[in-house]
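To start, the structure under review is shown below, and the notes come after it.
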Amino acid sequence: MVLYSPPEVSPSGGQPTFIYKWTRDNVVIPGANQAFYSPVAADVGHTLSGSITATFDAASTATQTAHNPLIIGAKARSWGFNGDGTADVFARNAYGQLLLYPTDGRGHWYAPQVIGTGWHIYDLLLAPGDFDGDGNADVMARDPQGRLFLYSGNGAGGWIVAKQVGQGWQGFRDIIGAGDFNGDGTNDIMARDSANNMLLYPGDGRGGWLQPTQIGYGWGNASLITAVGYFTGSESLSLVYKNQYNGLMISEGPRNGNFLGAATTGYGWQVMSRVSGLGDFNGDGDPDLYGITYSGEMIMYYGNASEYQINSMFGGYWKGQATVGTGWNIMNYVF
């Protein structure tokens, strides 16, 4: 987070001095007196703001406070499972092994790593980000009996502990790691039930739950539903999904537990067996999305969030695409 507001002086001249102040829930953070502030664990779930005071002389001083204070959310899945801050992909093979495919943050892969065995017992897997509040990305898994398990990551590509965090989840068609969808600083889960209602299960930041609420209905024509983070460059989180016409739709939620309208990003997505967001793959600062074709190609679709915010519809959602892997159809689950 950066405070920067170059002053204008009339008539021109003078050398200003600057005083920076950062606050957490309106209380000054000790030692946070630079233009740049990097949020820490103590900031998660709290509102950060800042101010800058420019002074030219005793009679010429002004203070500007940030217009948009932010609630700091828990780490998203885009932080990476191995803690290096770059996007990762998980995959399960036919032997029940769970593999991690790390990236270098510049559009390339590191060698895959086996991070677990026996994962064939699960029928649904997802990456919710940091769900238990320890600062590390986690994994969730559902078994055919409807039990939901949380596998707490250790921040270095391994595990701390696994525990059951729910039951009765067998009735859901989809379970999605939504990020901090309600804006309270903790990561949440969305679930589509058999009646095609969408429900929000807010996380409590400690590996448990707050009260669920219904946030949508009529999702029967949606498939390949996935969360893609701040895909349009706004403060809203985005879901993308394929509609009945094979168009890829995007629906935003302004971090208040609700959805905005949906828009089409393109057509012809019937060739994909899987679509998912993972974070910034190529290191340009914008979230990306990948699709896996039925023939096993992984195609990376590079997001255009920064340009989209400047030029809106004229910038478009995408800045290009590239095939970044083959043979992914041998995996029976990729997330």
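The values are calculated or read from the model by the stated rules, or taken from the named source; none is laboratory data. Just so you know, these numbers come straight off a predicted model, no measurement behind them. Note that we place each Cβ from the backbone using ideal geometry, even for glycine, and neighbour counts take in every protein chain shown. These area figures cover heavy atoms from the full protein model, side chains too; ligands, DNA and RNA do not enter into them. Shrake-Rupley method; radii C 1.70, N 1.55, O 1.52, S 1.80 Å.
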message: Taking the Cα centroid of the range 262-282 and of the range 102-160, what is the distance between the two, rounded to the nearest whole Å?
response: 21
query: What shape does the range 242-335 have by the C-alpha gyration tensor, where a ≥ b ≥ c are the square roots of the eigenvalues, rounded means a/c under 1.5, and otherwise prolate means a/b greater than b/c and oblate the rest?
result: prolate
- line: Taking a probe of 1.4 Å and leaving out DNA, RNA and ligands, the chain shows per residue an accessible area in Å² of 47
query: How large, in percent, is the carbon and sulfur part of the accessible surface of the chain at a probe radius of 1.4 Å?
result: 52
field: the chain - mean residue ellipticity at 222 nm from DSSP helices (-39,500 (n - 2.57) per run, n ≥ 4, rounded to 500)
entry: -500 deg cm²/dmol
query: Size of the dipole of the chain about the Cα centre, Lys and Arg at +1 and Asp and Glu at -1 on the beta carbon, nothing else charged, in debye to 20?
result: 580
- prompt: With +1 on each Lys and Arg Cβ and -1 on each Asp and Glu Cβ, how big is the dipole of the range 69-133 about its Cα centre, in debye rounded to the nearest 20?
  reply: 100
task: When a/c is below 1.5 the answer is rounded, else prolate if a/b is larger than b/c, else oblate, so apply that to the range 59-123 with a ≥ b ≥ c taken from the square roots of the Cα gyration tensor eigenvalues.
output: prolate
- request: Mind checking the full-extension length gain between Thr53 and Arg106? Use 0.36 nm per residue of separation minus the Cα-Cα distance, one decimal, nm.
  value: 15.3 nm
- request: Taking the dipole about the Cα centre of the range 107-189, with the C-beta of Lys and Arg at +1 and of Asp and Glu at -1, give me whichever of Phe131, Thr117, Gly177 is farthest to the positive side.
  value: Thr117
message: Over 31 Å between Cα atoms: which of Lys163/Lys242; Lys21/Lys163; Lys75/Lys319; Lys21/Lys319 fall into that group?
response: Lys163/Lys242; Lys21/Lys163; Lys21/Lys319
- prompt: Fully extended, how many nm does the chain gain between Asn26 and Asp193 (0.36 nm per residue separation, minus their Cα-Cα distance)?
  reply: 56.1 nm
field: ³J(HN,Hα) computed for each position of the range 228-235 - Karplus, 6.51 cos²θ - 1.76 cosθ + 1.60, integer Hz, glycine/proline x
entry: 10, x, 8, 5, 9, x, 8, 8
- line: Total charge of the residues flanking Arg173 in space, meaning their Cβ is under 11 Å from its Cβ, with Lys and Arg +1 and Asp and Glu -1, is -1
field: Label point distance in nm, Asp284-Thr213, each placed 7 Å from Cα along Cα→Cβ
entry: 3.6
statement: FRET efficiency (Asn246, Ala42; Cβ distance; R0 45 Å; to 0.05) is 0.45
- prompt: Which trypsin sites (Lys or Arg not before Pro) from the range 204-297 combine a DSSP loop assignment with at most 11 other Cβ atoms within 10 Å?
  reply: Arg206
query: With a ≥ b ≥ c the root eigenvalues of the C-alpha gyration tensor of the range 133-215, is it rounded (a/c under 1.5), prolate (a/b larger than b/c) or oblate?
result: oblate
statement: Relative contact order in percent for the chain (Cα pairs under 8 Å, 6+ apart) equals 12
message: Full-extension gain between Val161 and Ser306, please, as 0.36 nm times their residue separation minus the C-alpha to C-alpha distance.
response: 48.4 nm
